[in-house]
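Some notes on the structure that comes next.
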Amino acid sequence: MGDNPVLELLLRRLEAADGGLDSAELATQLGVEHQAVVGAVKSLQALGEVIEAELRSTKCWELTAEASLPRAWCKQLPSGKVGFSKAMSNKWIRVDKSASEGPRVFRVVGSIEDEVQRRLQLVQAGQAEKLAEKERNELRKGKLLTEVILKTYWVSKGRGFSTSVSKQEAELSPEMISSGSWRDRSFKPYNFSARGVLPDSGHLHPLLKVRSQFRQIFLEMGFTEMPTDNFIESSFWNFDALFQPQQHPARDQHDTFFLRDRVSLYSPVYPGTYSVDQAGLEIGNPPASASASQVLGLKSNPAEALQLPMDYVQRVKRTHSQGGYGSQGYKYPWRLEEARKNLLRTHTTAASARALYRLAQKKPFTPAKYFSIDRVFRNETLDATHLAEFHQIEGVIADHGLTLGHLMGVLREFFTKLGITQLRFKPAYNPYTEPSMEVFSYHQGLKKWVEVGNSGVFRPEMLLPMGLPENVSVIAWGLSLERPTMIKYGISNIRELVGHKVDLQMVYDSPVCRLDTEPRSSKMQEAA
């Protein structure tokens, strides 16, 4: 290895040394950069057991750039500002402001002893240990001295030490085998514990990683996952079944995506794009035997829901317009046409209503715990924290005699599993829960209380028309999936998490989600 003189000098010095060498001291002796000696050490380590190298870390003191200013440069500064205040405090000079031509500076002492300069010279000579700790701290406060960690190698002879080394072969070539030259070559030892190149594979989006953690928490608490595959929902299940009046602002066009009477859809069963209205198929050429519902899986009019449980619908209508079950209702003419309107669901509570209705049809009543994590859609203005499409997490418990205290206890258990232990509850209003509460948690990073969810007890006007027993209560709570994901992965703009601006490299690099399941005060808000 004649192309590396530092390596050869290292081997010669090591051969003559008794014990070993320090890489930093060797660099000083050879007059080379320490990094050059480190490179030679690593090259020898790659050859096998030629040397043994132990990495050591030591603290040392170095002068800052300000302390190392050349004296000639200092003299060129205007008005002699460098050291003026120090000279005044040491009474080496005085200022006479009474002079007619202006303030004048006079020398007070014949000679000075600059203690700071003496200390800096000791540090420059590598004798910083001679300074007292108080003296070093004064230099640090003046930004003249800094503490650094110096990493060096202690190099000693290995079992295969030799001053003449040759490069080891990394591969056995066909030419070596045919010529027999492999017998005279030195090969690198094969590392059987080394990991190979990772094969290309798929990567889960951060939302899916956090979703799997939430899902696991619900399953650990004994919940059953509700079916939530119907993104298109009727206004009846999305609003009316939840005792939300038909004149509620959330049902306006500017808040909700309603389906139009005529849409163009793509069929995965029969490829092609088809236009659907009340008359059925108009465009496209699917098999003659295929009906519109077979091709698209929709009714003839996608803007209306035709299959509703009419006996239940009549009970809901009566509760809205006339009252009942201890309520006076809203006293307005409830319209079936409004309830039939199809829309993109605005919350997964519609799926909860369907699940509770199915539960009410089973006799006798059996307590149940449901959860869902799926997409919802709202006609909102897009910004850094809002999208028209996002995910909602929802938990529902139906049992005899549940109260607000039970809800608060379940919420504490649920959020403790997320690593959130400091909770506050604030009264709120929801059309379908009474009482209702917003859930707040103290965010250590933001140093303030932030909302992490909404909760409440479902109203009797919602539950009794379904057929649930009068002594059965249902507690529920919900939160978004995007907010804890953004906090967990340090994302400030939701459009960088979902949408066309997503950086695929972020998907590749994001680690596995591990929510704080142990309540610790220093990290209790990681998944707020």
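Quick notes on this one:
- Surface composition of region 146-269: carbon plus sulfur atoms hold 53% of the accessible area, using a 1.4 angstrom probe and ignoring ligands, DNA and RNA.
- Note on Lys448: lysines with a C-alpha under 20 Å away, same-chain residues under 8 apart excluded, are Lys426, Lys488, Lys523.
- Protein-only accessible surface order, largest first, of Asp509, Asp229 at 1.4 Å: Asp229, Asp509
- Sorting Arg215, Arg183 on solvent-accessible area from highest to lowest, probe radius 1.4 Å, gives Arg183, Arg215.
- Å² of accessible area per residue within region 376-471, as computed with a 1.4 Å probe and no ligands counted: 44 Å²
- Stretched out straight at 0.36 nm per residue, the stretch from Gln124 to Met221 would grow longer than its current Cα-Cα span by 28.4 nm.
- Region 370-390 versus region 301-337: alpha-carbon centroid distance in Å: 27 Å
- Residues whose placed amide H lies under 5 Å from that of Lys157, excluding near-sequence neighbours: Glu52
- Those lysines that a straight Cα-Cα span of less than 20 Å connects to Lys59, excepting residues fewer than 8 apart in one chain: Lys130, Lys134, Lys141, Lys143, Lys151
- Translational diffusion coefficient (Stokes-Einstein; Kirkwood radius from C-alpha pairs) of region 125-221 at 37 °C, 0.692 mPa s, in µm²/s: 148 µm²/s
- With every protein chain in place, region 380-509: carbon and sulfur % of accessible area (1.4 Å): 54 percent
- Sequence of Tyr330, Tyr153, Tyr325 when ordered by accessible area, the most exposed leading, probe 1.4 angstrom: Tyr325, Tyr330, Tyr153
- Within a straight-line Cα-Cα reach of under 29 Å, Lys362 can be paired with the following lysines, leaving aside sequence neighbours fewer than 8 residues apart in one chain: Lys299, Lys317, Lys341.
- In the full protein context, region 303-354 carries 46 Å² of accessible surface per residue, based on a 1.4 Å probe and ignoring ligands, DNA and RNA.
- Alpha-carbon centroids, region 487-504 and region 84-131: separation in whole Å: 57 Å
- Segment Asn230-Gln307, length gained on full extension (0.36 nm per residue, minus Cα span): 26.3 nm
- Spin-label model distance (nm) - Ile112 vs Thr58, 7 Å beyond Cα toward Cβ: 3.5 nm
- Heavy-atom accessible area per residue - region 83-156, 1.4 Å, Å²: 74 Å²
- Separation between Cα centres of region 152-223 and region 434-460, rounded to whole Å: 49 Å
The values are calculated or read from the model by the stated rules, or taken from the named source; none is laboratory data. As the structure is a computational prediction, the values presented were derived from the model and not from experiment. As a convention, Cβ positions derive from the backbone with ideal geometry for all residues, glycine included, and neighbour counts pool all protein chains shown. Side chains are part of the model used for accessible areas, which takes the heavy atoms of the whole protein and leaves out ligands, DNA and RNA. Shrake-Rupley method; radii C 1.70, N 1.55, O 1.52, S 1.80 Å.
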